[in-house]
1. So if I place +1 on the C-beta of Lys and Arg and -1 on the C-beta of Asp and Glu, and nothing else carries charge, what would the dipole magnitude of the range 51-90 be about its Cα centre? I want it in debye, nearest 20.
2. For L6 and L49, FRET efficiency with R0 = 35 Å and r from the beta-carbon atoms, rounded to 0.05?
3. What does the convex hull of the Cα atoms of the range 20-90 come to per residue, in Å³, rounded to a whole number?
4. Which value at 222 nm does the chain reach when only helices count, each DSSP H run of 4 or more adding -39,500 (n - 2.57), with the total divided by all residues and rounded to the nearest 500 deg cm²/dmol?
5. So if I place +1 on the C-beta of Lys and Arg and -1 on the C-beta of Asp and Glu, and nothing else carries charge, what would the dipole magnitude of the chain be about its Cα centre? I want it in debye, nearest 20.
6. Normalising by the residue count of the chain, find the relative contact order in percent from Cα pairs under 8 Å and 6+ residues apart.
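Values quoted throughout were computed directly from the atomic coordinates according to the rules given, and no laboratory measurement underlies them. None of these values were measured; they are calculated from a predicted model. Backbone-built Cβ (ideal geometry, glycine too); neighbour counts: all protein chains shown.
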Amino acid sequence: MKTIELATDSELNRQIRSVRREPIILTRNGKPVAAIVDLPNTDAATAALGSDPTFKAIIERSRKQVKKKETISLGSAKRYLQKKNTAHAG
């Protein structure tokens, strides 16, 4: 992820203030190439994760597992890990 610091008095900074109301679409030769959107309550790490292909793949795989009911409860996971830790400790 690349971060660009905006000069406070720049025209771009003035335009970006409007992003709270609506996204800004950047175009090249009339075709959309990027969007500037408001990221309220978001830090740089969270924003970077949202565009990471590996993270997106993990989320998509997890959603499919939930849909197919291929998940276990938190309680079952804790019991499994507790048994596993006990077996390795002894």
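1. Dipole of the range 51-90, to the nearest 20 debye: 220 debye.
2. Rounded to the nearest 0.05, the efficiency is 0.95.
3. Output value, Cα hull per residue: 184 Å³.
4. -15000 deg cm²/dmol
5. Charge dipole of the chain: 840 debye, to the nearest 20.
6. RCO, the chain: 13 percent.
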